[in-house]
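Here the structure comes first, spelled out in structure tokens, and everything after it is commentary.
All of the numbers you see were taken from the coordinates with simple rules; none came from a lab. Just so it is clear, the model here is predicted, and its values are computed rather than measured. Cβ: placed from backbone, ideal geometry, glycine included. Neighbour counts: every protein chain shown.
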Amino acid sequence: MIKVKVFTFSPIQENTYVLYNQHNEAIIIDPGCYDTTEQDQLFQFIQSNTLKPVQLLNTHCHLDHVFGNKWVYDTFKTPLHIHPEEEPMLKMAPLSGEKWGLPFVNYEGPIKYLYPGDTILLGNDALKVIFAPGHSPASICFYSEFDNFLIGGDVLFRESIGRTDLPGGNHELLLKSIRENLFCLPNDVKVYPGHGLSTTIGHEKRHNPFLQ
């Protein structure tokens, strides 16, 4: 069984997720910790629960989701896993940071690629990689069929969707990704988004104004 812990970090209020199992193995997804206070908050949770981070994942590589990549790698030696088409976005992220007044030092460690349909293992637990481009060129989501949740990044929010006016955005493609790749999941799947409150697939089918 996978437990999910959420932290909301940075002035952009990005949701960072720590997934962990009964063996105290952990996956860190989209570390948005911007300053040392936020880094310490994440570190204290991991330390107090005696967790061992084994993987670092990005749903996509917009700046608010990658602020903490370097710190996580430097601290826990967990290489970054992304979709290969997100690598240009990762390289652009510091320029975006300067533009938004949020400078940061980018990740420069090893990169491993994830592809649609891949399975990410956390002990005996599994996450399936789902391709959902549109908010960014190659956004991916992480689905736990057994524990009935989706880490959705900035694809689908509670009664909203990801913005598409950023580099690599495509509104029609985003809607297609949600309808074809996410709305095929069971209605009671809990969606943990990159910003804001959690929701369910069924709630968004019924109430999301962008998808009616």
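Trypsin sites (Lys or Arg not before Pro) within the stretch 45-115: which are DSSP loop residues with at most 14 other Cβ atoms inside 10 Å? Intermediate results must be reported in sequence, preceding the final value.
On the way: sites: Lys70, Lys77, Lys91, Lys99, Lys112; in loops: Lys77.
Counting only loop positions with at most 14 other Cβ atoms within 10 Å, the trypsin sites (Lys or Arg not before Pro) in the stretch 45-115 are Lys77.
Could you derive backbone 3J(HN,Hα) for the stretch 126-136 from the dihedral phi with the Karplus parameters 6.51, -1.76 and 1.60 (θ = phi - 60°), listing whole Hz in sequence and x where the residue is Gly or Pro?
9, 10, 9, 7, 10, 7, 8, x, x, 6, 9
Could you give the distance between the Cα centres of the stretch 122-189 and the stretch 1-78, to the whole Å?
19
Using only the alpha-carbon atoms of the stretch 164-212 as identical scatterers, what base-10 log of I(q)/I(0) does the Debye formula give at q = 0.20 Å⁻¹?
-0.75
List the lysines whose Cα sits under 20 Å from the Cα of Lys128, skipping any in the same chain fewer than 8 residues away.
Lys3, Lys5, Lys112, Lys176, Lys190
Counting alpha carbon pairs within less than 8 Å and at least 6 residues apart, what relative contact order, in whole percent, applies to the chain?
Numbers: 460 pairs, mean separation 32.4, N = 212.
Computed over the chain, the figure is 15 percent.
Report the Stokes-Einstein translational diffusion coefficient (µm² s⁻¹, integer) for the chain, Rh taken as the Kirkwood radius over Cα pairs, at 37 °C with viscosity 0.692 mPa s. Each step should come with its number before you reach the end.
Working: Rh = 17.0 Å.
Estimated via Stokes-Einstein, D reaches 194 µm²/s.
Among bridges DSSP assigns within the stretch 3-211, what percent are antiparallel (round to 5)? Intermediate values should be presented prior to the final figure.
Values: 26 of 40 bridges.
DSSP beta bridges in the stretch 3-211 are roughly 65 percent antiparallel.
If you count, for each residue, the other Cβ atoms within 10 Å and average over each peptide, how do 3-13, 29-39 line up from highest to lowest? Intermediate values should be presented prior to the final figure.
Values: 3-13: 15.7, 29-39: 20.2.
Listed from highest to lowest mean packing, they are 29-39, 3-13.
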